[in-house]
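Written out below as structure tokens is the structure these notes cover.
Each value in this text was obtained by applying a stated rule to the coordinates, not by laboratory testing. On a predicted model such as this, the values are computed, not experimentally measured, just so you know. Note: ideal-geometry Cβ built from the backbone for every residue, glycine included; neighbour counts use all protein chains shown.
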Amino acid sequence: MSNNAKKILLVEDEELIVNLLQRKLETEGYEVFVARDGIEGLEKMKKTKPDLVLLDIIMPRMGGFEVMEAMKKDKGLRDIPVIVISNSGQPVELDRARQLGARDWLIKTEFDPKEVLAKVKKQIG
Amino acid sequence: MKGNLQKEKGDEKLPEVTPREAYLALLNILEDVEEARLRAVEERNKTLAIITNFTDGLLFFDKENKLSLINPVAEEYLSVKGMEVIGKSLSDLVEFPRLKPIVGLLKKTTRIFRKEIKLEENLILEITTASVKRGEEELGILVVLHDITREKLIEKMKTDFVSLAAHQLRTPLSAIKWTLRMLLDGDLGKITKEQREFLEKTYNSNERMIGLINDLLNVTRIEEGRYLYKLTPVSFEDVVKEVIENYKDQIKKKKIKFKFIGFSRKVPKIKLDVEKIKLAISNFLDNAIRYTPERGKVIVSLQATDKEIRFSVEDSGIGVPKDQQNRLFTKFFRAANAIRTETEGSGLGLFISKNIIEAHGGKVGFKSEEGKGSTFYFTIPYKAKKRMKE
């Protein structure tokens, strides 16, 4: 992995999804950091300054919407692009994600890692 | 004649009685009358006791639409005292906040059957009316208020349970889907041809399971009454074409003679919940293709009148047996010949579609002959009068 590899922070509590995505993204040359809930996600975001955040909505301790709200208030974080990974895919949920500034979204049951990669590439190349 | 009668009466010989005997006889008669009166009072009290102690709320409106009776249960439900409301007409009763919705219903029609009214969070009543008659004479209208709070709660618990279970199932199913996809894409190393075949079948089974879970979630949303989301003005023909595009491969694979006939006139944009309408169209089209044998035909056509548009899909498939046609749109129902043709299927597709179309103010229907084919159609008005919204 080269030093100028793009950094992606994956905030997701479902272990298998994390394993799969991490593998897919690393194979493509991205540097991947993982957080298992919103609180850990914000901490790692400040530390690693990722180029992109992949964010789950329903997580223990702090959910994805709260993470996005906290990011909006933080000058250092507000410009990091976010792709929301939604479990329910409810229009209400997706609308909320868009309002909070998510660049893109995907529904777990309707997408797969290949399509996630395509969305990531669209955002950060 | 008249004279004769009088004469005869006059000739009747009355028995000789003493004043005392006459007095006693009169007393006897009076006692009988009194007894009859007491019996009548007793009967009336019994009837009143039944009405008073009835477990449902009862209101009786007389012919002039004035409230003439209210039992304690109804008083409690409606937070009124009998003294305040008895003798008042429908328009006077509007003043009582809890009576307002019921009066509103009665003003529209006096025939109400199992209409639900939510008076507060923990009080949902089912209202039914009965017109009370004695022989040919209309006496008035009896309004029965039945507490269904508990039934509604159980119904909600059931819906919540299905919704929760379905949501919980989605997460592991997604993980399985992603794993299989990566295995199939060779991301986790090379796989043999045989492994690929098995993995592909597993992937398809998993997709079916995801589809079923989505159907169940749709049903729970329908039952919760929050179904349509955002209505956006769109070209209906474009929406239909998009859906058809998804079925191109299947149509080709089954060598089906497919035909699409668009609108023959200019049609304005219609406000639709696009995702839901696509789902309804998909269900109709999916059934037509699924239950039509290879090399059969499927024709999708669009028509428009001044008021509405009409979507129909005609197939040369297995058809619906006559004795099962009236149950086709009910939840979980699958026709016997459909089960024989295709074991997979939740029996939810048409139920969901019907609800989607009706939420848009439209209607669904079909014509079918077993062994020959079916034509399923739905209509959507340009402007719906009443629509269900989330």
Just the number, please: Stokes-Einstein D of the range B:292-360 in µm²/s, Kirkwood Rh from C-alpha pairs, 4 °C, 1.567 mPa s. 93 µm²/s
Taking amide H positions as placed in the peptide plane 1.01 Å from N, state which residues far from B:Glu224 in sequence (5 or more) or on other chains have amide H under 5 Å from it. none
Kindly flag which residue pairs out of A:Lys49/A:Lys114; B:Lys354/B:Lys383; B:Lys81/B:Lys156; B:Lys248/B:Lys363; A:Lys119/B:Lys269; A:Lys75/B:Lys276 have an alpha-carbon separation exceeding 29 Å in this structure. B:Lys81/B:Lys156; A:Lys119/B:Lys269; A:Lys75/B:Lys276
Residue-wise, which Karplus ³J(HN,Hα) couplings in Hz belong to the range B:276-293, taking 6.51 cos²θ - 1.76 cosθ + 1.60, θ = phi - 60°, and x for glycine or proline? 5, 4, 4, 4, 4, 4, 4, 4, 5, 5, 4, 4, 4, 6, 4, 9, 10, x
Report, largest value first, the span of the C-alpha coordinates of chain B along each principal axis, in whole Å. 127, 52, 42
Nearest 10, in degrees from 0 to 90: the angle of helix B:2-11 to the longest Cα principal axis of chain B is 60 degrees
Taking θ as phi - 60°, what are the ³J(HN,Hα) couplings along the range B:236-243 by the Karplus curve (6.51, -1.76, 1.60), each to the nearest whole Hz, with x for Gly and Pro? 4, 4, 5, 4, 4, 4, 4, 5
Using +1 on the beta carbon of Lys and Arg, -1 on that of Asp and Glu, and nothing else charged, what's the dipole of the range A:9-124 about the Cα centre, debye to 20? 460 debye
Counting helices only, and only those DSSP H runs with n ≥ 4, report the 222 nm mean residue ellipticity of chain B as the sum of -39,500 (n - 2.57) divided by its residues, in deg cm²/dmol to the nearest 500. -15500 deg cm²/dmol
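Please give the average number of partner chain Cβ atoms lying within 10 Å of the Cβ of each residue in A:109-116, rounded to a whole number.
Other-chain Cβ atoms within 10 Å of each residue's Cβ, averaged: 6.
What ranking of A:Trp105, B:Trp178 emerges when the number of other C-beta atoms within 10 Å of each C-beta is taken as an exposure proxy, fewest first?
A:Trp105, B:Trp178
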Farthest positive-ward along the protein assembly as shown dipole, Cα basis, beta-carbon charges - from A:Gln22, A:Gln90, A:Met71: A:Gln22
For the range A:97-108, just list the computed ³J(HN,Hα) in residue order, Karplus coefficients 6.51, -1.76 and 1.60, θ = phi - 60°, integers in Hz, with x standing in for Gly and Pro. 4, 5, 4, 7, x, 5, 6, 7, 8, 8, 9, 3
Quickly rank A:107-117, B:225-235 as a protection proxy: mean count of other C-beta atoms within 10 Å, highest first. A:107-117, B:225-235
Relative contact order for chain A: what is it in percent, counting Cα pairs under 8 Å that are at least 6 residues apart? 23 percent
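If you take every residue apart from B:Pro293 with its C-beta less than 11 Å away from the C-beta of B:Pro293, what net charge results, scoring Lys and Arg +1 and Asp and Glu -1?
Neighbour charge sum, excluding B:Pro293 itself: +3.
Which semi-axes, in whole Å and largest first, does the equivalent ellipsoid of the range A:1-90 have when worked out from the alpha carbon gyration tensor as the square roots of 5 times its eigenvalues?
Equivalent ellipsoid semi-axes, largest first: 19, 17, 10 Å.
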For B:183-191, mean number of other protein chain Cβ atoms within 10 Å: 2
Mind pulling the per residue volume of the convex hull built on the Cα atoms of the range B:189-329? Å³ is fine. 182 Å³
Amide hydrogen neighbours beyond the local backbone of A:Trp105, cut-off 5 Å, H modeled: A:Val84
Roughly speaking, what is the centre-to-centre gap between the range B:330-373 and the range B:218-285 when only Cα atoms are used, to the nearest Å? 16 Å
Kirkwood hydrodynamic radius (Cα pairs, Å) of the protein assembly as shown? 29.5 Å
Treating the Cα atoms of the range B:248-390 as identical point scatterers in vacuum, please give the log10 of the normalised Debye intensity I(q)/I(0) at q = 0.13 Å⁻¹, two decimals. -0.58
Quick one: net charge of B:Tyr77's neighbours, Cβ under 11 Å, K/R +1, D/E -1? -4
